[in-house]
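Enquirer: Quick one: structure below, then a few questions.
The values are calculated or read from the model by the stated rules, or taken from the named source; none is laboratory data. Being a predicted model, the structure only gives us computed values, none of them experimental. Quick reminder, even Gly has a Cβ in these numbers, built from the backbone with ideal geometry, and neighbours come from all protein chains shown.
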Amino acid sequence: MKTIERISQTPTNKRRAFSGNVMDLAKRVERELTSYNGHMAMYVRDFAGNTVTLHEEELFETASTIKSFILLDLFEQDKEGSKDLEELLEYRQEHQVDGSGVLHYMKPGFSMSARNVAVLMIIVSDNTATNMLIEYLGLDHINETIQKYGFKDTVLHNHIDWQKYENLGTSTVKDYGEFFYRLHEGDLVSEEACQDMISIFKDQHYNSMLVGEFPQYYLSGDDCVVADDEMITVASKSGSMDACRTDGGIVYTPKGDYVIALFHKEFHDPLYHPKHEATLYGAKVSRLILERFLALEGKLVKETP
């Protein structure tokens, strides 16, 4: 049975009725956001035909989540034969940009494979590596690939240059959630490419919005403590800019998997720190979703008779 839940934030003095158990998760998310000073969109989809959404088609600045689509184009062009994952790319001075990552601390003049540049772009969100790949792939081709796969509301606007551009990309939680859904299903480029991309996303370092409230026991990765049938892991990519906080990915649990995307804007705090309100509220919502999914044995919503 396919179930789709859509909710919109409303003032606390306006109450809505929810029928049976179908709306339980949506109602809980809405209540959690009552005292949040920002604005959040959500897209969650399991693999049993259920989707729960909030502002799923509203445009947001992507920040570094756009890097997931750059990775997609790298694998797409490798499949086409126009580019090669193993081609050596030279790190030059013009690629260098401040912000996340490690390359901007290093002296330019060395080369590494396109795949290794992509690994840096994803796992430590390296901005300099991102510029190297945008130059290599071509901004227009990246956007063509995004549209080819049906992510109609997603656009990479510029390479990263804080002096020239205020925005990097725009997207919706629906596009971003569907990106990971199709990645999980092997429906982007090829099954082999999807598995390779997932392996990179699993090593991504910044996922506090998705797992910050998860029980640490299940995330420990210590097979001496946590059995394989208890482990919870994620394959994800987050983003942060002054005007937004974004995250999304695949959550793997003992009861099955689901995809989640959470985008935030219109908050009051532009600073970057672990206790940012958007991160904290996103983590609370992510925990609610996990608990509901596990309680319902691998479904987001309870099926009605």
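Enquirer: Would you confirm whether or not the range 263-273 contains a residue that is within 24 Å of Tyr218 (Cα to Cα) and either at pLDDT 95 or above or not small (Gly, Ala, Ser) (or both)?
Expert: no
Enquirer: Still on this model: Mind listing just one residue for me: the one in the range 196-252 that is part of a strand (DSSP E or B) and either over 12 Å from the mean Cα position of the chain (by Cα) or of a type in the set (Val, Ile, Thr) (or both) and, of those, nearest to Leu183 (Cα to Cα)? Walk me through how you get there before you give the answer.
Expert: Taking the range 196-252 as the starting set, the residues that turn out to be part of a strand (DSSP E or B) are 233-241, 244-252.
From what's left, either over 12 Å from the mean Cα position of the chain (by Cα) or of a type in the set (Val, Ile, Thr) (or both): 233-234, 241, 244, 246, 250-252.
Details: Thr233: 16, Val234: 13, Met241: 25, Cys244: 24, Thr246: 18, Ile250: 9, Val251: 12, Tyr252: 13 Å.
Taking the candidates together, the pick is Ile250.
Enquirer: Filter the range 29-86 down to residues that are assigned to a helix (DSSP H, G or I) and either without any contact (Cβ under 8 Å) to a residue 60 or more places away in the chain or closer than 30 Å to Ser111 by Cβ (or both), then give me how many there are.
Expert: Within the range 29-86, residues that are assigned to a helix (DSSP H, G or I) and either without any contact (Cβ under 8 Å) to a residue 60 or more places away in the chain or closer than 30 Å to Ser111 by Cβ (or both) number 20.
Enquirer: Regarding Leu288, is this residue surrounded by 22 or more Cβ atoms within 10 Å (Cβ to Cβ) and either touching an Asp or Glu at 6+ places or on another chain (Cβ under 7 Å) or modelled with pLDDT of 95 or more (or both)?
Expert: no
Enquirer: Would you call Phe75 at pLDDT 95 or above and within 14 Å of His157 (Cα to Cα)?
Expert: no
Enquirer: Now, a different point. Out of all the residues in the range 102-115, which are in a helix (DSSP H, G or I) and touching a strand residue (DSSP E or B) at 6+ places or on another chain (Cβ under 7 Å)?
Expert: If the condition is that a residue be in a helix (DSSP H, G or I) and touching a strand residue (DSSP E or B) at 6+ places or on another chain (Cβ under 7 Å), then Ala114 is the only one that fits.
Enquirer: Of the numbered conditions (1) farther than 22 Å from Val44 by Cβ; (2) in contact with a Lys or Arg (Cβ under 9 Å, 6 or more places away or on another chain); (3) aromatic (Phe, Trp, Tyr), Phe267 satisfies every one except a single condition; which is it?
Expert: If we test Phe267 against (1) farther than 22 Å from Val44 by Cβ; (2) in contact with a Lys or Arg (Cβ under 9 Å, 6 or more places away or on another chain); (3) aromatic (Phe, Trp, Tyr), just (1) comes out false.
Enquirer: Across the range 116-136, what is the total count of residues that are crowded, with 19+ Cβ neighbours inside 10 Å, among the hydrophobic types (A, V, I, L, M, F, W, C) and not in a helix (DSSP H, G or I)?
Expert: Counting residues in the range 116-136 that are crowded, with 19+ Cβ neighbours inside 10 Å, among the hydrophobic types (A, V, I, L, M, F, W, C) and not in a helix (DSSP H, G or I) gives 0.
Enquirer: Counting only residues that are acidic (Asp, Glu) and not in a loop (DSSP other than H, G, I, E, B), which one in the range 137-187 is surrounded by the fewest Cβ atoms within 10 Å (Cβ to Cβ)?
Expert: Asp140
Enquirer: What number goes with the only condition from (1) of a type in the set (Gly, Ala, Ser); (2) modelled with pLDDT of 95 or more; (3) not in a helix (DSSP H, G or I) that Gly99 does not pass?
Expert: All conditions are met except number (2).
Enquirer: Restricting to the range 87-122, what's the tally of residues that are within 27 Å of the chain's Cα centre (by Cα), without any contact (Cβ under 8 Å) to a residue 24 or more places away in the chain and under 26 Å from Gln163 (Cβ atoms)?
Expert: Summing the residues that are within 27 Å of the chain's Cα centre (by Cα), without any contact (Cβ under 8 Å) to a residue 24 or more places away in the chain and under 26 Å from Gln163 (Cβ atoms) in the range 87-122 gives 2.
Enquirer: Confirm whether Gly177 is touching a strand residue (DSSP E or B) at 6+ places or on another chain (Cβ under 8 Å), within 30 Å of Ala48 (Cβ to Cβ) and among the small types (Gly, Ala, Ser). Explain how you work it out, then say what you get.
Expert: On the way: touching a strand residue (DSSP E or B) at 6+ places or on another chain (Cβ under 8 Å): yes; within 30 Å of Ala48 (Cβ to Cβ): yes; among the small types (Gly, Ala, Ser): yes.
Taking the combined requirement at face value, the residue satisfies it.
Each row is one residue, and each column tells you yes or no for (1) outside any strand (DSSP E or B); (2) in contact with a Leu (Cβ under 9 Å, 6 or more places away or on another chain); (3) β-branched (Val, Ile, Thr); (4) surrounded by fewer than 17 Cβ atoms within 10 Å (Cβ to Cβ).
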{"site": "Val259", "(1), (2), (3), (4)": "no, yes, yes, no"}
{"site": "Leu262", "(1), (2), (3), (4)": "no, yes, no, no"}
{"site": "Tyr272", "(1), (2), (3), (4)": "yes, no, no, yes"}
{"site": "Glu297", "(1), (2), (3), (4)": "yes, no, no, yes"}
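Enquirer: Scan Glu266, Glu213 and give me the residue that is in contact (Cβ under 8 Å) with a residue 60 or more places away in the chain, charged (D, E, K, R) and under 28 Å from Trp162 (Cβ atoms).
Expert: Selected residue: Glu266, the only one of Glu266, Glu213 that is in contact (Cβ under 8 Å) with a residue 60 or more places away in the chain, charged (D, E, K, R) and under 28 Å from Trp162 (Cβ atoms).
Enquirer: Just give me the residues in the range 130-155 being closer than 20 Å to Gln96 by Cβ and either of a type in the set (Asp, Glu) or touching a Lys or Arg at 6+ places or on another chain (Cβ under 9 Å) (or both), in sequence order.
Expert: Matches in the range 130-155: Thr130, Met132, Leu133, Glu135, Tyr136, Leu137.
Enquirer: For Tyr36, all conditions in the list (1) touching a helix residue (DSSP H, G or I) at 6+ places or on another chain (Cβ under 8 Å); (2) at pLDDT below 90; (3) surrounded by fewer than 22 Cβ atoms within 10 Å (Cβ to Cβ) hold save one; what is the number of the exception?
Expert: For Tyr36, the failing item is (2).
Enquirer: Specify which of the listed residues (Ala243, Ala227, Ala235) is modelled with pLDDT under 95 and either buried (at least 22 other Cβ atoms within 10 Å of the Cβ) or over 26 Å from Thr34 (Cβ atoms) (or both).
Expert: Ala227
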